[in-house]
Each structure stands twice: as C-alpha cells, then as structure tokens.
Amino acid sequence: MRIRNLSFGLAFLVFSVVMSGCGSGGSSPTPAPGDTSTTAPTPAPSAGDAALAALTGSINIDGSSTVEPITSAAADAFKKVAPNVQISVGQKGTGAGIKAFIAKEIEVCDASRPITLKELAAAKANGVDTVEIPVAYDGLTVVVNKKNTFATSMTTEELRKLWDEKSTIKSWNEINPAWPNQPIHLFGPTPVHGSFEFFTTVIVKTPKKCRKDYQQCTDYSGVAQGVGQDENGLGYLGLGYYTQNTDTLNPVSVDSGKGPVLPSKKTVLDGTYTPLTRILAIYVAKSALAEPQTKAFLKFVVGDTVKALIETPDVGYVDLPDSVYAAAQARIDNGTTGSVLATAKPGTKAEDLFH
C-alpha cells in the first residue's frame, strides 16, 4: 500500500507512480488609474472555522485508486482548516480496501464499485455497520496512444470480444479489418481494483474474469504511462486519469447501440455514456462517525469546497447534483447504514438513488 504525504500541495496529488506499477500477467492586481475602491476585508474566522482548527487525531483511508485523487484533494484542502488532523490515503484497490474495512484494519474505504450484499453482511458479522457516501460520477475511459488515429470508436461488443477470457485477438485488424495489421498491447488494473470488477461486469459480461495476457497495473498511473508510451497500447482507467494525461492519450468513443459516445460531463450526466458511467463512493464504519475529525472530514468531502475541486484537471471527475450531496450530508449526520448502490441497476442516476 502506498501512503501519501499529504503535506504536499495539490499539484502533486495524483501523478506520482511510475511505470513500475505495471508487471506481466501570485501578486495582487494593481488598481487601475483613478480606481479608489478598496479590497474587502478578510472575514473574521467563524465558530465553525475555530471548531475545525481545534480538531486533532488521525484518519486512515485506503481502497480505490480511482477515488484516491478526490480523497487526497479533500485531505489537502482539509489540512488548511484542520492542520492538527493527520490523514493518510492509500490506494490498494477497492476489493483489497473493502477486505481491510471488513477486517477493521481501516474505518474509511474509497470504492469505485458498490460494496456487495455479501460484503455488507460480512462487515456486519464482524461488528462493522457500514455507511455509504456518494462522492462523484466517473466515466470509465477506454484509451489508446496519442499517435493512434484509427481506433477512434469501438462498440461494446468489440470491447467484449477483445477482453473476453477466451479471446485470441492479437492484432488491431482482428477487431476491425480497416485497422492495421499491428499487434495490440493491452493494459489494465489488477483484479483487486474496482474498475476491473466494474469493467468485467458491464463490458466483458463475466464479473471478475477476463483474458490474462495483459499488462496488469497496480494503479492507473501505470495504465496511463503504459498506453502513453506504446503506440499499439489500449487500456481503461478512470476519467480523472485520462484528464491528467491528454498529452499522451486519446479517448475511444464507446458505442453501446446508439452511436459512439465520448466520456464528458455532459454525457455522464445525461446518461448517454453507457454502460461505463458509475457512481464513486466512500464507505465508513458508523462507529467512526463518533470521532469528530472523521465526521468533519467526510462532511467536508461532500461539501462545497471539494465539489469545486472534483472537476479540476488535478482530479478530473464529474460532480453529483446538489440534492445528492445534501443526501450524503444527511447520511453522515444520521449514521444511515446499508448500501443503496449494492442493489442499484448500473447506469441509474444518483439523484434517483439518494434522496
């Protein structure tokens, strides 16, 4: 598990892991002449600011590499108002994170796929009551190398055949005869990652199973670098990781039967980027909400400050509707346990799930 030193600035949030992640198998403006206006005074600290500044303790977060940029951005921003709270953010993967959550090794877990009913029951049996907090939308993005100008779109069926457990496709022209007879090199996350589970469920149609002869990466920086350095590379990663690497990657439009669609804020929100739109979440043990620093941080994550960060280039996801963030705040305040996402149909809008 890689733990971030969260004292660094936002510019160092995400892109810090190198290709070893993959293996086989400013000044104030000068007033204009004649301008006699004055700068508004800085507001005095509020009671809420003072309460945050007085917080102490630590928060240990692990899980999804996809959600990690959001949580790290939130942690850096939170440190500015609560400097005495120590926050560590790991990215061992959703599956591994949920296992640690169930085992009480961590109390906060980032997740790029829903917790399952079986996992919920296992947590309950071990004395962990689970609170689910939606944090953002993602459009899982299929990418190719920047120099690849032919693979601009693929159907979901082409992607399924390419990634199927029994696939023998080795070259681009086996997908589309108009494409060159060149080898295709696949990159993707390891099976402990939520994106692997999500992709194999909605694209390959065999959950947790796909072909094994691809470059398995421990995080998405590895996928981005692998494809970005290989003209014949193809992989998939969270929208935020594509957003951070547009200089080396091209997105592939996905056609699920109604024409090719690229991931974007518009297509994620209107539901046309299907079936690869998903809701990212954080899971927290209800008992941890009794810790003032943990409750304050999670409410901060679904507050206005972090919402403003979600769509910045350093993070790169899509924020949820205000009504969903209000519902998330209520879930934290009330300690609402259980999972809405565990039984939700993929592609269901967040506002239809969280009221």
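Among the residues of the range 113-152, write down those that are polar (S, T, N, Q) and more than 18 Å from residue 271 (Cα to Cα). Working first, answer last.
Step one: list which residues in the range 113-152 are polar (S, T, N, Q), which gives 116, 126, 130, 141, 145, 148-149, 152.
Across the range 113-152, the qualifying residues are 116, 126, 130, 145, 148, 149, 152.
How about the range 322-352: which of its residues are over 19 Å from the mean Cα position of the chain (by Cα) and of a type in the set (A, V, I, L, M)?
If the condition is that a residue be over 19 Å from the mean Cα position of the chain (by Cα) and of a type in the set (A, V, I, L, M), then 326, 327, 330, 332 are the ones that fit.
Determine which single condition residue 315 fails, assuming it passes every other condition in (1) within 22 Å of residue 59 (Cα to Cα); (2) modelled with pLDDT under 95; (3) surrounded by fewer than 23 Cβ atoms within 10 Å (Cβ to Cβ).
So the condition that residue 315 fails would be (3).
If residue 104 meets every condition in (1) farther than 26 Å from residue 319 by Cα; (2) in contact with a strand residue (DSSP E or B) (Cβ under 7 Å, 6 or more places away or on another chain) apart from one, which number is that one?
Here residue 104 meets the rest and fails (2).
Yes/no matrix, rows are residues, columns are (1) of a type outside the set (D, E, K, R); (2) under 17 Å from residue 332 (Cα atoms):
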| position | (1), (2) |
| --- | --- |
| 88 | yes, no |
| 103 | yes, no |
| 121 | yes, no |
| 124 | no, no |
| 130 | yes, yes |
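Being in contact with a Pro (Cβ under 7 Å, 6 or more places away or on another chain) and surrounded by fewer than 20 Cβ atoms within 10 Å (Cβ to Cβ) is the filter here, so list the residues in the range 213-251 that pass it.
232, 251
For the range 224-237, check the following and say yes or no: at least one residue is more than 22 Å from residue 97 (Cβ to Cβ), over 16 Å from the mean Cα position of the chain (by Cα) and part of a strand (DSSP E or B).
Of the residues in the range 224-237, the ones more than 22 Å from residue 97 (Cβ to Cβ) are 225-234.
Those left that are additionally over 16 Å from the mean Cα position of the chain (by Cα): 225-234.
Checking which are part of a strand (DSSP E or B) leaves us with 233-234.
Taking every residue of the range 224-237 in turn, at least one turns out to be more than 22 Å from residue 97 (Cβ to Cβ), over 16 Å from the mean Cα position of the chain (by Cα) and part of a strand (DSSP E or B).
Which condition from (1) within 18 Å of the chain's Cα centre (by Cα); (2) not in a loop (DSSP other than H, G, I, E, B) is the one that residue 122 breaks?
Status for residue 122: all satisfied but (1).
Report yes if residue 120 is more than 24 Å from residue 220 (Cα to Cα), buried (at least 16 other Cβ atoms within 10 Å of the Cβ) and modelled with pLDDT of 95 or more, otherwise no.
Taking the combined requirement at face value, the residue satisfies it.
Kindly establish whether residue 283 is farther than 16 Å from residue 349 by Cβ and part of a strand (DSSP E or B). Quick ask: steps written out before the conclusion?
Working: farther than 16 Å from residue 349 by Cβ: yes; part of a strand (DSSP E or B): yes.
For residue 283, the condition - farther than 16 Å from residue 349 by Cβ and part of a strand (DSSP E or B) - is met.
What number of residues in the range 233-246 are over 14 Å from residue 66 (Cα atoms) and touching a Gly at 6+ places or on another chain (Cβ under 8 Å)? Give the derivation first.
Taking the range 233-246 and keeping what is over 14 Å from residue 66 (Cα atoms), we get 233-235, 245-246.
This time we only want the ones that are touching a Gly at 6+ places or on another chain (Cβ under 8 Å), so: 233, 235, 245.
Matching residues across the range 233-246 total 3.
Which of the residues belonging to the range 139-173 are surrounded by fewer than 21 Cβ atoms within 10 Å (Cβ to Cβ), polar (S, T, N, Q) and either under 18 Å from residue 257 (Cα atoms) or not assigned by TED's automatic domain parsing to the domain that holds residue 210 (or both)?
Listed by number, the residues that qualify are 152, 153, 155, 156.
All but one of (1) modelled with pLDDT under 95; (2) under 22 Å from residue 263 (Cβ atoms) hold for residue 192; which doesn't?
Among (1) modelled with pLDDT under 95; (2) under 22 Å from residue 263 (Cβ atoms), residue 192 violates only (2).
Could you pull out the residue among 79, 92 that is surrounded by fewer than 18 Cβ atoms within 10 Å (Cβ to Cβ) and either in the same structural domain as residue 305 (by TED's automatic domain parsing) or of a type in the set (Val, Ile, Thr) (or both)?
None of the others qualify; the one that does is 79.
The values are calculated or read from the model by the stated rules, or taken from the named source; none is laboratory data. Only a predicted model underlies this, so the values are computations on that prediction, with no experimental measurement involved. Don't worry about glycine lacking a Cβ; one is built from the backbone with ideal geometry, like all the others, and counts go over all protein chains shown.
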